[in-house]
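Below is one structure, written out as structure tokens; the observations come after it.
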Amino acid sequence: MSDLSIQLHWQRKEPDLQPGRYSNAHVVQFNGNNDLAVDAAPDWGGDPGNTNPEQALASALSSCHMMTFLALAAKAKWPVAGYRDHAVAHLGKNPKGQMSVTRIDLHPVVRFDPGFTLEEQKLEEMLHRAHRYCFIANTLADSVEINILKAPTGEEARAGHSAA
């Protein structure tokens, strides 16, 4: 199996490390050259202009779910033209009373080539199947909810409400 890695870099900017008096801002580097500015969530004093770990987790799940769905759709010969998602990580306390991401909601919208029709139930089944096969979803167990949104069709899509 594969080993996939990142590099994380943090440097203290303050004279010393005191509770509540230091920055969590850091850089995560992907593939040796893709840098991402990361910080704590804004509710925890982080810069809202930076990504936070909770968003990164939602992003990882959303991306994995999409790629798994596309692989399944390609095998089924579905002409997927676009895909978008709005993933939301919910913070709260887990059953042990610890702060955690208690749930991640995905809101995928799939758009197909013109003329292709599919029963809504078939799309829902495939999206749930993608969830079952997604590596990240399997890691997170039961804290993911799939809320399937309907893609705009015909005139809606041409009017600029494109789903992907």
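The values are calculated or read from the model by the stated rules, or taken from the named source; none is laboratory data. Since the model is a prediction, treat every value here as computed from it, not as a measurement. Every residue, glycine among them, receives a Cβ derived from its backbone with ideal geometry; neighbour counts consider all protein chains shown.
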Checklist entry - When both residues are 6+ apart or on different chains and their Cβ atoms are under 6 Å apart, which pairs have a first residue that lies in segment 49-78 and is not assigned by TED's automatic domain parsing to the domain that holds Asn24, and a second that is hydroxyl-bearing (Ser, Thr, Tyr)? => result Met66/Tyr83; Thr68/Tyr133
Checklist entry - Looking at (1) exposed (fewer than 12 other Cβ atoms within 10 Å of the Cβ); (2) free of Cβ contacts under 8 Å to residues at least 40 places away in the same chain, which is the only condition Asp43 fails? => result (2)
Checklist outcome for this item: Note on segment 10-35: residues touching a residue at least 12 places away in the same chain (Cβ under 8 Å) and surrounded by 10 or more Cβ atoms within 10 Å (Cβ to Cβ) are Trp10, Ser23, Asn24, Ala25, His26, Val27, Val28, Gln29, Phe30
Item to check | Residue identified as under 22 Å from Ala137 (Cβ atoms) and either acidic (Asp, Glu) or more than 20 Å from the chain's Cα centre (by Cα) (or both) among Pro95, Pro19, Pro79, Pro53 | outcome: Pro95
Next on the checklist: It is to be established whether one or more residues within segment 18-35 are in a helix (DSSP H, G or I) and of a type in the set (Gly, Ala, Ser).
Outcome noted: no
Next on the checklist: Take Thr102 and tell me if it is among the β-branched types (Val, Ile, Thr), closer than 23 Å to Asn24 by Cα, surrounded by 13 or more Cβ atoms within 10 Å (Cβ to Cβ) and in contact (Cβ under 8 Å) with a residue 40 or more places away in the chain.
Outcome noted: yes
Next on the checklist: Can you find, within segment 106-126, the residue that is farthest from His65 (Cα to Cα) among those that are surrounded by fewer than 17 Cβ atoms within 10 Å (Cβ to Cβ) and either in contact with a His (Cβ under 8 Å, 6 or more places away or on another chain) or aromatic (Phe, Trp, Tyr) (or both)?
Outcome noted: Phe116
